[in-house]
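One structure is given below, encoded as structure tokens.
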Amino acid sequence: MSRLERNVNIVAVVVPFLGLIGAAVLLWHHFFGVDDVVVFAVMYLLSAVGVTVGFHRLLTHRAFQTHAWLRHLLAVLGSLSLQGPVIDWVADHRKHHTFTDEDGDPHSPHVGVGAGFRGMLHGLWHAHTGWLFKTHGQASARRFARELVEDPTMRRINRSFPLIALASLLLPFMLGLALGGGALAAGLSALLWGGLVRIFLVHHITWSINSICHFFGRRRFDTADHSTNVFWLALPSLGEAWHHNHHAFPRSAFHGLRWYELDPSGWLILALARLGLAWDVVRVTPERARAKLASAERHSEPA
């Protein structure tokens, strides 16, 4: 990783955190209104859906197919999350699945971190944030995301990441101005909540899938990794926290496999399918899930 890439990642981590601190101070003085809630919610959903449905389930795992215009729109929305250019994101995540919790995994909390409590803390730090300064964006795009590299529009979106990052801050500011009748204070407040605070939360909820969902939680399938399901992260992550289910069935468009496993991203894909905007949606049948569960139970039996 070059010094420039590392410095950009440091800024991307630190500035939203400073925004969160500023928001907490202003909240103490009641500088938070309905318009801020609206802008925050809109920007959170747009950027988070871009990551979960776009970057992850569509582009990385090809869990469904859609029109080119929607495919590219989701790539732009995912880029609004400021988690790096789309092709780098996809390449990193496919590499993660190729070497899950083994040497080569860009963000495993279990590899090369030592033993004991100190090793656990080191591993969680690396998986959550530390990898951004070491292995982020280093996966070979030609090897792990060739079809995206060969897509001219996707390459253009990838190159436009700095402009999209700027738009990720400008858009909430403009929305705040519009809702606040042109008042500069309204625009700045929306920039704070719908920009910096929103980016901070989307970042850390996404990174929690790398760290918490490979260390704490529940497992029920036969997988050769440490992935877990973490129920309390399900809604803020839009269903991504059913991460063990995902590693058991990586191409599934639905990460929640039981009725009570809330999966808003899966619901959106289902809605797109009913509108004719998604097709070839990959599903896990109950029989296939039971077979995987039975396999896990057999492996857990004492010899």
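The values are calculated or read from the model by the stated rules, or taken from the named source; none is laboratory data. Predicted, not measured: the structure shown is a model, and the values here were computed from it. Reconstructed Cβ throughout: ideal geometry from the backbone, glycine too, with neighbour counts over all protein chains shown.
Some notes on this structure:
- Tally of residues being part of a helix (DSSP H, G or I), touching a helix residue (DSSP H, G or I) at 6+ places or on another chain (Cβ under 8 Å) and either closer than 25 Å to residue 175 by Cα or of a type in the set (Gly, Ala, Ser) (or both) across the range 56-69: 1
- So residue 200, is it surrounded by fewer than 19 Cβ atoms within 10 Å (Cβ to Cβ), out of contact with any strand residue (DSSP E or B) (no Cβ under 9 Å at 6 or more places or on another chain) and farther than 20 Å from residue 93 by Cβ: no
- Of all residues making up the range 224-252, the number that are within 21 Å of residue 45 (Cα to Cα) and part of a loop (DSSP other than H, G, I, E, B): 9
- Flag if residue 70 is closer than 17 Å to residue 148 by Cα and of a type outside the set (Val, Ile, Thr): yes
- Listed conditions (1) buried (at least 21 other Cβ atoms within 10 Å of the Cβ); (2) at pLDDT 90 or above; (3) more than 27 Å from residue 39 (Cα to Cα) are all met by residue 131, apart from (2).
- Filter result (surrounded by fewer than 17 Cβ atoms within 10 Å (Cβ to Cβ) and part of a loop (DSSP other than H, G, I, E, B)) within the range 263-282: 275, 276, 277, 280
- All positions within the range 61-82 that are closer than 20 Å to residue 203 by Cα and touching a residue at least 60 places away in the same chain (Cβ under 8 Å): 75, 76, 79, 80, 81, 82
- Residue 221 modelled with pLDDT of 95 or more and either part of a loop (DSSP other than H, G, I, E, B) or aliphatic (A, V, I, L, M) (or both): no
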